[in-house]
Amino acid sequence: MNSNRSSYGSYQQQRYGGSTSPTMKNPSAHFEKGTEFNDRDRLNDMLATEKWLTDGFNVFVRETSHQELYNDVLHVLTETHHACRDVFNLMFEKGWYSLHPEQPSHIADHYQKFSGYESQFPSHGTGSYQYLSGVGQHPRDY
Amino acid sequence: MYQNQYSQQQRMSQPPAVLSTKDNAYLTDALSWELLAVKKAHSFASQCSDQQVKHQLEQLCQLHQQHYHTLLNHLSNNQQDYENQTYPHFHN
């Protein structure tokens, strides 16, 4: 997990709240911790705004009439998603966002379970389902 | 109504480049969302002490201004078409 990106700091084997789950988190950058609205609050508020905008534009793009409007609104939606991602990444870089890796055994269990469910595909065994394993081979990849 | 005016013409495979009432309502909503985002990002950027956060917020301010213009363009194009009575041409 990002082991080649040492600049992204500590993959700390911390314990938190009595759990044995480690955290993926950078050391927290400085911010004012008083009652005032601080830099972290500002970035968090802007992230909430971007998230809210993607919800709005998602509904908008679905309701557009003609193609040119659809194209432009979809483009605005995509760029707003990217903006969300940029803010999220900056918050992570600043150490204001932590993630907890799932235990590999839990992932392996689910992989096994849902691999088994592939037998339920109508096309199972016919070899006609060409999009299963291909990466980036979606039928309409805009 | 448009329907009467164009019902005798060729069958359309897609909606013509005309704003619907719903398009207009969504566009005006979205413009006000973007304007608010521009103002918020600008205001927050001016209050920031962390230069990286400030820079990110300034970029967001620019992005939402671009989006504002993209959306506003759809209102101005439609206005022109309407005044010139040139729409809609319903062939492919």
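The values are calculated or read from the model by the stated rules, or taken from the named source; none is laboratory data. In this text the structure is predicted, and so the values were computed from the model without any measurement. Note that we place each Cβ from the backbone using ideal geometry, even for glycine, and neighbour counts take in every protein chain shown. Protein only, heavy atoms only, side chains kept; ligands, DNA and RNA dropped before computing areas. Shrake-Rupley method; radii C 1.70, N 1.55, O 1.52, S 1.80 Å.
Observations
- Test item: A:37-44 mean partner chain Cβ contacts at 10 Å: 5
- Distant alpha-carbon pairs in the range A:31-97 (separation over 14 angstrom), percent: 63 percent
- Carbon and sulfur %, accessible surface of the range A:31-97 computed with the full protein complex present, 1.4 Å: 48 percent
- Label point 7 Å beyond Cα of B:Q59 along Cβ direction - residues of the range A:67-94 with amide nitrogen under 18 Å: A:76-94
- Most to least packed among A:35-42, B:63-70 [average Cβ atoms within 10 Å]: B:63-70, A:35-42
- Cβ neighbours within 10 Å from other chains - mean over B:36-48: 3
- Average other protein chain Cβ within 10 Å of Cβ, residues A:57-64: 4
- Accessible surface buried once A binds B (1.4 Å probe; total of both sides; Å²): 2900 Å²
- Modelled this way, with points 7 Å down the Cα-to-C-beta line, the labels at B:A25 and A:D55 are 1.9 nm from one another.
- Computed over protein heavy atoms with a 1.4 Å probe, the accessible surface of the range A:31-97 works out to 49 Å² per residue.
- Charge dipole (debye, nearest 20) of the range B:10-72; +1 at Cβ of Lys and Arg, -1 at Cβ of Asp and Glu: 140 debye
- Complex-versus-alone comparison for the range A:74-102, residues with a loss of 30 Å² or more in accessible area, probe 1.4 Å: A:V76, A:E79, A:L90, A:K94
- The range B:11-36 versus the range A:21-53: alpha-carbon centroid distance in Å: 34 Å
- The range A:66-129 - Rg and Dmax from Cα coordinates, angstrom: 20.1, 50
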